[in-house]
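The values are calculated or read from the model by the stated rules, or taken from the named source; none is laboratory data. Computed from a predicted model, the values in this text were never measured in an experiment. Quick reminder, even Gly has a Cβ in these numbers, built from the backbone with ideal geometry, and neighbours come from all protein chains shown.
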Amino acid sequence: SCCVSTRDWRSISSKKRATTLSSISTRTFSVSYRKFVDFALDETTSHTHLFSSPLQEKYNSLEPKDGKGEISIQSFEAAEIRLLRSLIIETETMQVLDFTVFPRAEYDVPIFCANFFTTARTNIVVLDLNPLHDVINQRHYKEKYFKSLIPLGLKYAELFPWGGKLTSESIKFFSPIVIWTKFNSSPENYEILYSAFKDYYKVWLELVSKAVKATDESQISRNLEAQHRYLVWRAEKDPGQGVLKKLIGETLAKDLLRGFLFNGVDVLGSKTFNDYFPHYCSKDGDLNNKGSIIGKSFENRPWDERGEFLAEHTHWY
Ligand code: BLA
């Protein structure tokens with residue numbers, strides 16, 4: 001039959017559901033991000049013990065407003081991990097993965113970040129080990145975590161074209177091995193994306209396993225502030241916000257952003273968006289609606305093959 005009610009939808013298996021989806025829609029998908037998350041959870045479990053996070057229950061029952069499609073969340077903690085959380089959205093028109101792992105403040109290891117937005121035609125992808133500290137001016141931190149990973153970054157920089165201009169501030173949250181790309185939907189591309197995801201997650205887990213727990217209070221508070229600044233940036237500026245608002249409404253979307261995706265933004269620090277990003281202040285004081293005061297830049301990859309940052313303006317604020 002051509003029509004499925006919401007109830008039928010929920011009671012059929014996900015395999016059958018996928019088939020039904022492609023037959024009732026002109027769009028067909030060859031990607032599901034579930035296996036990405038399954039891989040990451042299996043790998044993590046082989047390194048450390050995962051505990052279910054209290055956030056799980058609170059956000060478990062989200063559904064698209066129109067009842068079409070599914071929203072799945074997962075969240076865990078571990079000895080070295082403050083929060084591992086995953087959001088998967090599967091509707092008739094899009095597939096989204098937002099998978100991020102935040103280490104505890106005793107560790108200065110990068111934040112694992114996978115953000116994939118997929119429609120029938122196109123994909124917007126960020127996959128990175130987001131550095132906690134400045135990798136443009138702080139040579140020591142860059143070398144500590146990224147020097148040995150440059151060849152891995154180069155491998156995928158050749159397979160995936162640079163995604164073009166992006167919000168200028170974002171580059172400061174990216175590493176020299178960032179995969180920032182847009183590509184057409186195709187099984188081949190998803191295969192490469194899956195292998196990139198696996199490679200990046202494995203090296204990230206290695207970093208976490210080898211990381212030395214800081215005991216120095218000032219180091220810990222520097223790490224904490226860097227995490228908080230990251231959370232403040234993403235909770236305020238995530239380009240997925242519009243999509244989330246349409247999907248579940250403004251109130252729930254905001255709660256999901258601050259309470260789940262970027263959990264900690266309201267408790268890990270007291271600085272505000274203005275404190276961290278003062279250049280955002282505009283004449284009318286309506287800073288939150290601006291995409292970026294600086295605008296978009298970096299039409300081409302700003303890192304060379306040795307992982308050196310190429311742009312001249314390395315101090316924006
Ligand atoms: C676009 N997502 C983008 C862009 C970036 C990112 C750089 C290009 C547009 C821009 O620069 O603003 C992702 N930016 C990031 C990430 C960081 C950052 C990961 O600063 C981390 C520090 N994307 C999602 C989710 C959805 C989503 C969950 O991660 C949807 C629910 C959608 N991203 C999405 C859409 C666009 C986009 C629709 C294109 C629209 C736009 O350009 O604003």
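What residue, among those in region 86-99 that are within 14 Å of residue 38 (Cα to Cα) and near the ligand (Cβ under 10 Å from one of its atoms), is farthest from the chain's Cα centre (by Cα)?
Selected residue: 88.
Given the conditions (1) free of Cβ contacts under 8 Å to residues at least 12 places away in the same chain; (2) in contact with a Ser or Thr (Cβ under 8 Å, 6 or more places away or on another chain), report the number of the one that residue 191 does not fulfil.
(2)
Only one of these is part of a helix (DSSP H, G or I), out of contact with any Cys (no Cβ under 6 Å at 6 or more places or on another chain) and crowded, with 19+ Cβ neighbours inside 10 Å: 105, 157, 114. Name it.
157
Residue by residue, here is whether (1) modelled with pLDDT under 95; (2) not in a helix (DSSP H, G or I) holds:
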residue: 256; (1), (2): no, no
residue: 265; (1), (2): no, yes
residue: 269; (1), (2): no, yes
residue: 279; (1), (2): yes, no
residue: 285; (1), (2): yes, yes
residue: 291; (1), (2): yes, yes
residue: 294; (1), (2): yes, yes
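Tell me which residues, restricted to region 173-193, are over 17 Å from residue 306 (Cα atoms), within 15 Å of the ligand (Cβ to nearest atom) and modelled with pLDDT of 95 or more.
Those that are over 17 Å from residue 306 (Cα atoms), within 15 Å of the ligand (Cβ to nearest atom) and modelled with pLDDT of 95 or more: 173, 180, 181, 182, 183, 193.
Restricting attention to region 216-237, which residues are of a type in the set (D, E, K, R) and in contact (Cβ under 8 Å) with a residue 24 or more places away in the chain?
Within region 216-237, 222, 225, 229, 234, 236, 237 meet the criteria.
If I filter region 120-133 down to residues being at pLDDT 95 or above and surrounded by fewer than 19 Cβ atoms within 10 Å (Cβ to Cβ), which single residue comes out as nearest to residue 169 (Cα to Cα)?
Here the answer is 133.
Can you name every residue in region 138-172 that is away from the ligand (no atom under 11 Å from the Cβ), more than 20 Å from residue 208 (Cα to Cα) and touching a Phe, Trp or Tyr at 6+ places or on another chain (Cβ under 9 Å)?
Result: 156, 157, 160, 161, 162.
I need every pair where a residue in region 296-310 that is on the phi > 0 side of the Ramachandran plot and at pLDDT below 95 has its Cβ under 8 Å from the Cβ of a residue that is surrounded by 11 or more Cβ atoms within 10 Å (Cβ to Cβ) and not hydrophobic (A, V, I, L, M, F, W, C), sequence separation at least 6 or different chains.
Short answer, once both residue conditions are applied: 298/165; 298/168; 307/142; 307/147; 307/153; 307/176.
Find all pairs meeting these conditions: Cβ atoms under 8 angstrom apart; at least six residues apart or on different chains; first residue within region 59-74 and touching a residue at least 60 places away in the same chain (Cβ under 8 Å); second residue of a type in the set (Gly, Ala, Ser) and outside any strand (DSSP E or B).
Here the result reads 59/259; 65/249, each pair linking region 59-74 to a residue that is of a type in the set (Gly, Ala, Ser) and outside any strand (DSSP E or B).
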